[in-house]
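To start, the structure under review is shown below, and the notes come after it.
The values are calculated or read from the model by the stated rules, or taken from the named source; none is laboratory data. Here the structure is a predicted model, which is why all the values come from computation and not from measurement. Neighbour counts are summed over all protein chains in view; Cβ atoms, including those assigned to glycine, are modelled from backbone coordinates with ideal geometry. Side chains included, ligands, DNA and RNA excluded: accessible areas come from the protein's heavy atoms. Shrake-Rupley method; radii C 1.70, N 1.55, O 1.52, S 1.80 Å.
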Amino acid sequence: MTATMTRSEGRSEKRTGASVSVQGFFTRHSALMPTFAALAILLLLFAGAEAFLRGDFITPRNISALLLDNAYLLILAVGMTFVIVTGGIDLSVGSVMAFTGILGAKLLAEGMPVAIAIPVILAGGAVIGLIIGVLVQYFNVQPFIASLAGLFLARGLAFVVSLSSIKVEEPAILWLQSTRFSVGGWYITPTGIIALLAVAVAAFVMHLTRMGRTVYAIGGSESSARLMGLKVARTKVMVYVISGFCAGLAGLVLTAYSGAGYPRNGIGTELDAIAAVVIGGTLLTGGRGYVIGSMIGVFVYGTIKTIITFMGAEQSWMQIIVGALLLLFIVVQRAIVARSEGRG
Amino acid sequence: MNRIYKHRLFWPVLSLLVLIVVNTIARPQFIEITLQDGRLYGALIDILRNSAPLMLVALGMTIVIATRGIDLSVGAVMAVSGAVALTIIDRSGSPGAVGTVFVAVIVAILVSLVLGAWNGFLVSVLKIQPIIATLVLMLAGRGVALLITGGFITTVNSEPFAFIASGYVLLLPVAFFISIAAIAAVALVERRTALGVLTESVGINPEASRLAGVRSRGIIWGAYMVSGTLAGAAGVIYASNIKAADANAAGLFIELYAILAVVLGGTSLAGGKFSIAGTVIGVFIIQTLESTILFLGVPSAQSPVFFAVVVVVVVVAQSQRMRGAIARVGDAFRKQDAPERDDEKVEVAR
């Protein structure tokens, strides 16, 4: 009863002024709110760092490096967004990234041509994703546990491939990292382009295809989606395959970035990816979120990291600040959800 | 026979027995226990001793999971607790004194209790999803631990502190007695009072139990405090075992193993009914498996593959059993696509 009252009041007020129309915009697009909040935080971080470091922070070199250093995390966050929007979670991505990275380095070291090695490692990531998806969909295993099995599997397999790091000599892989297309002081590497392409393709799939709409529908209400005749089972498996594939791609990018495969890479990276997605405004309950938001989340994460390095503070602060930021966003999201539920 | 087969602990106990038998056949010295200088030695004793930190963490996790929650921060809490204890001992004038160690352990566990209360506050008062609420501390906790130790691995040489993990009393390791005490305490409080039933009711249907007058907020909050406290004690044992506080390595992945132990013991992650005996057996299965893998000469870094296989086998077996009845009716495939509403709610809640 009170909910309907507030709503009709809001409607009558809407005609009264410009400030109210801004309010109206946010009411209608409440799902966008957290993403805007993330963008605001990102701009604030930039402005703060610029002021604090007396104009040394916003340089073309730093901003370009932000994309370069976080390309792998961006790709992971893109895949994770799909899973989280369906209401699931994928804990395996950090380990899958390590596994595909070391596998690629090993295959190349044994003389396999790049044209075969790259598809093999991408497929490797997708297969682990497929296993998780099948467990979730056809055996009713909770996503948390199924992807936990994926985490163990991939981490163990990474050590089966090699117990120590393997250097990559292959020029084609190193090209991905060393080439710099530069305009003025700005530059972008092929790895950065791959990451941005991943964002673009994912945003296209999420918003302009039938599959993307099904992903949102499942997150909103799985049973409704099923009753509407949407292909729930196929899509639910597919999001884990996409996440696994992205993890494979991230493995490739990370191997190019570091010039070597290392089985201990990416321990805990899945949590960074989840944190970035949440900071970017995707609701963990599913149904709401944007790939672009996850990109902003990754940049927020990356910027904090850069600022901490600039300030020469201890790296342990990084974990504390990311934790605190995550908490802030969750509380904001919680308030938004509570409000929209109140409105019915 | 049929009743034994249907008992909820049948599969966990069988798995543990199979593991022990396989190990014994592969190397008969596995079940050998020798008495030397008034202490028992042997692979089985090692399992009892080494399982203590995981046992404590898994017990707390059982209670949290029963309330439909999950606690990802236990590893980070272990790191903080170890860091606090060792820093106190290190800074004190007399690291070898029993009093110093006593104070250090008490303070470390109290700090862990506060961290658990923080998790409980986020979950029960702010109503944040448990997985995310505890993720905050999981991320930030290790940073805090690193700050406490100043970024170094603090090492101490303290006889009474080392005694916690490596000492012996009445032929058996002290760490084992700590496990037993924790199991007994949790079992008594949960099963000899109404608390266990209330916890289960909160886990099965929070709304209905609230309407029935169960103070679910306090019960959920308490569950996280218990989990934090036990994780703190586990952190002390871990630090005592290596005589150092390693903020990065302490309790790494232990949340995953603890959740695995709880699931192996037959407690559903969907919350509700829980089994303390099941968790105890689950912990022993994991520790025995770890020892088996080590014996096979597999580098310990590769052991996660085995755990992955175990997880998959267990969850698939559980789901098939769950659907056994449906399969008999037939149509298994069509029904697969239409799970009950109840299941779905749980998934969303996670």
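Worth a mention:
- Matching option when the condition is within 25 Å of residue B:301 (Cβ to Cβ) and in contact with a Ser or Thr (Cβ under 8 Å, 6 or more places away or on another chain), among A:120, A:93: A:93
- For residue B:309, the stated conditions do not hold, so it cannot be described as more than 30 Å from residue B:29 (Cα to Cα) and either more than 14 Å from the chain's Cα centre (by Cα) or touching a residue at least 60 places away in the same chain (Cβ under 8 Å) (or both).
- Yes/no for residue A:208 being at pLDDT 85 or above and surrounded by fewer than 20 Cβ atoms within 10 Å (Cβ to Cβ): yes
- Taking the range A:110-119 as the range and being of a type in the set (Val, Ile, Thr) and within 18 Å of residue A:76 (Cα to Cα) as the test, only A:118 passes.
- Given (1) away from every other protein chain (no Cβ under 13 Å); (2) in a helix (DSSP H, G or I); (3) at pLDDT below 90, number of the condition residue A:112 does not satisfy: (2)
- Candidate set from the range A:116-163 (those that are facing chain B (nearest Cβ under 9 Å) and not in a helix (DSSP H, G or I)); member that is least open to solvent (accessible area, probe 1.4 Å): A:141
- Among the conditions (1) open to solvent by less than 20 Å² (accessible area, probe 1.4 Å); (2) more than 21 Å from residue A:160 (Cα to Cα); (3) within 14 Å of chain A (Cβ to nearest Cβ), the only one that residue B:279 does not satisfy is (3).
- Qualifying positions in the range A:164-195 - of a type outside the set (Ser, Thr, Tyr), within 20 Å of residue A:122 (Cα to Cα) and buried (at least 16 other Cβ atoms within 10 Å of the Cβ): A:166, A:168, A:170, A:173, A:176, A:177, A:190, A:192, A:194, A:195
- Single residue of the range B:102-157 satisfying the filter (over 20 Å from residue B:225 (Cβ atoms) and open to solvent by less than 10 Å² (accessible area, probe 1.4 Å)) that is farthest from the other protein chains (Cβ to nearest Cβ): B:104
- When B:293, B:254, B:286, B:259 are screened for being aliphatic (A, V, I, L, M) and either open to solvent by 10 Å² or more (accessible area, probe 1.4 Å) or more than 13 Å from chain A (Cβ to nearest Cβ) (or both), only B:254 passes.
Residues are listed down the side, and each one gets a yes or a no for (1) more than 9 Å from every other protein chain (Cβ to nearest Cβ); (2) touching a residue at least 24 places away in the same chain (Cβ under 8 Å); (3) open to solvent by 10 Å² or more (accessible area, probe 1.4 Å):
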residue	(1), (2), (3)
A:270	yes, yes, yes
A:274	no, yes, no
A:277	yes, yes, no
A:282	yes, yes, no
A:292	yes, yes, yes
A:295	yes, yes, yes
A:300	yes, yes, no
A:303	yes, yes, no
A:314	no, no, yes
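- Take the conditions (1) within 30 Å of residue B:137 (Cβ to Cβ); (2) touching a residue at least 24 places away in the same chain (Cβ under 8 Å); residue B:107 misses just one of them, which is (2).
- Residues being in a loop (DSSP other than H, G, I, E, B) and over 16 Å from the mean Cα position of the chain (by Cα) - total across the range B:269-300: 7
- Checked against (1) assigned to a helix (DSSP H, G or I); (2) more than 13 Å from chain A (Cβ to nearest Cβ); (3) touching a helix residue (DSSP H, G or I) at 6+ places or on another chain (Cβ under 9 Å), residue B:96 passes all but a single condition, namely (1).
- Within the range A:311-325, being touching a helix residue (DSSP H, G or I) at 6+ places or on another chain (Cβ under 9 Å), in a loop (DSSP other than H, G, I, E, B) and of a type in the set (Gly, Ala, Ser) holds for one residue alone: A:313.
- Residue in the range A:252-264 that is crowded, with 24+ Cβ neighbours inside 10 Å, within 14 Å of chain B (Cβ to nearest Cβ) and closer than 30 Å to residue A:171 by Cα present: yes
- Residue check: residue A:234 meets all listed conditions (1) surrounded by fewer than 19 Cβ atoms within 10 Å (Cβ to Cβ); (2) within 14 Å of chain B (Cβ to nearest Cβ); (3) part of a loop (DSSP other than H, G, I, E, B) but one, namely (3).
- The lone exception for residue A:288 - which of (1) open to solvent by 10 Å² or more (accessible area, probe 1.4 Å); (2) assigned to a loop (DSSP other than H, G, I, E, B); (3) under 14 Å from residue A:90 (Cβ atoms) it fails: (3)
- Residue count for the range B:73-104, restricted to those that are without any contact (Cβ under 8 Å) to a residue 60 or more places away in the chain and under 13 Å from residue B:236 (Cα atoms): 4
- Screening the candidates A:24, A:48 for the property of being at pLDDT below 85, in a helix (DSSP H, G or I), open to solvent by less than 60 Å² (accessible area, probe 1.4 Å) and within 30 Å of residue A:94 (Cβ to Cβ) yields one hit, A:48.
- Single residue of the range B:230-249 satisfying the filter (over 20 Å from residue B:160 (Cβ atoms) and away from chain A (no Cβ under 14 Å)) that is least open to solvent (accessible area, probe 1.4 Å): B:231
- Residue match in the range B:41-55 (condition: open to solvent by 30 Å² or more (accessible area, probe 1.4 Å), at negative phi and in a strand (DSSP E or B)): yes
- Number of residues in the range B:197-229 that are without any contact (Cβ under 8 Å) to a residue 60 or more places away in the chain and open to solvent by less than 30 Å² (accessible area, probe 1.4 Å): the value is 2.
- Scanning the range A:211-224 for residues that are under 16 Å from residue A:133 (Cβ atoms) and more than 11 Å from chain B (Cβ to nearest Cβ), we see that the one that is most open to solvent (accessible area, probe 1.4 Å) is A:211.
- Helices (runs of 4 or more DSSP H) fully within the range B:169-258 counting 1 or more residues that are within 14 Å of the chain's Cα centre (by Cα): B:174-191, B:216-242
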